[in-house]
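Everything below concerns the one structure shown next.
Read-outs: derived from the displayed coordinates by stated rules, not from any lab. These numbers come from a predicted model, not from an experiment. Positions of Cβ are generated from backbone atoms using ideal geometry, with glycine treated the same way; all protein chains shown enter the neighbour counts.
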Amino acid sequence: MTRTVYVNGEYLPETEATVSIFDRGFLMADGVYEVTSVLDGKLIDFEGHAVRLERSLNELDMPAACSKEELLEIHRQLVTRNEIVEGLVYLQITRGSDGDRDFVFPDPETTKPTIVLFTQNKPGLADNPAAKKGAKIISIEDIRWGRRDIKTVQLLYPSMGKMMAKKAGADDAWLIEDGHVTEGTSNNAYFVKNGKIVTRPLSNDILHGITRKAVLRMAEEAQMEIEERLFTIEEAKEADEAFTTSASAFVMPVVEIDGVALGDGTPGPIAKRLREIYLDESLKAAI
Ligand code: PMP
């Protein structure tokens, strides 16, 4: 089946969808994105992603490409047209193209943003075998820019981080800045010690994960203890367990950090329980 994608108001076969070579997303990574997961053919936390998208656009002085209602309709259309039961909807909005290359932002009155959405079919997303095994991570230096709270498409360093992890025989990397863990290459980072969940507080240093917000709320409702503070990779290595959260992998247990096994080297009970609660609650609230 040829995938149907959405580009600037049109639903097209992926082979017919085009964007200008002068698009600022292509030339300057001048764009933002969101990834919303689909379970049971429904969108998980669409509202959270729509709100964060609006914030990212505002922070970059980019006009909204369409309303929240239109955005929801496009997501639903793509899920239906591509028969997605489990998978992802990727959305990207860039500052568009004024037909040339210039560092100065084009006039938003005359240059419209580019909006692109496509689906990724991922059968077995919820029942992911990787979550049963748990992830091995390495730590690397965080050399990204200072506005990680904006979900921009500048993903070269996170991509390089994943490659460094792969080369080291691991699954992913956590990033370290000034001696403290910021987050994972594409997820928020947590460890658990003596039943307490520790994660870095929100700031411009990390992406304000939609899954992070939901998981912390659910952990609180389940009477789990949470502490938001800076932490080192050494603390995480000495933890009882660790995990990451993201919209595409939900709650992912971490079983090894820089070659050091956590606990007995298998997914910890709190990570497993949070994954179950998150999937359960999110499915109930999916639209
Ligand atoms: N941090 C970074 C750097 C990310 O790229 C992501 C995923 N996009 C996250 C955290 C997790 O955010 P979310 O739960 O909204 O997917």
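Values as computed for the structure displayed
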quantity	calculated
Largest-first ellipsoid semi-axes for region 1-129, taking √(5λ) over the Cα gyration tensor eigenvalues, angstrom	27, 16, 12
Calculated [θ] (222 nm, deg cm²/dmol) that DSSP helices of n ≥ 4 give over the chain, each run adding -39,500 (n - 2.57)	-8500 deg cm²/dmol
Ordering of 1-11, 163-173 by packing [mean C-beta count within 10 Å, highest first]	163-173, 1-11
Alpha-carbon radius of gyration plus Dmax, which is the widest Cα pair, for the chain in Å	19.3, 59
Tensor-based shape of region 129-285 (alpha-carbon gyration tensor, a/c under 1.5 rounded, otherwise prolate or oblate)	rounded
Cut-off 12 Å between beta-carbons: net charge of the residues surrounding Ser37, Lys and Arg +1, Asp and Glu -1	-2
In sequence order, calculated HN-Hα J values of region 152-161 (Karplus, 6.51, -1.76, 1.60; Hz; x Gly/Pro)	8, 8, 6, 10, 5, 5, x, 5, 5, x
Cross-link pairs beyond the 24 Å C-alpha cut-off, checked among Lys162/Lys237; Lys112/Lys162; Lys196/Lys237	Lys112/Lys162
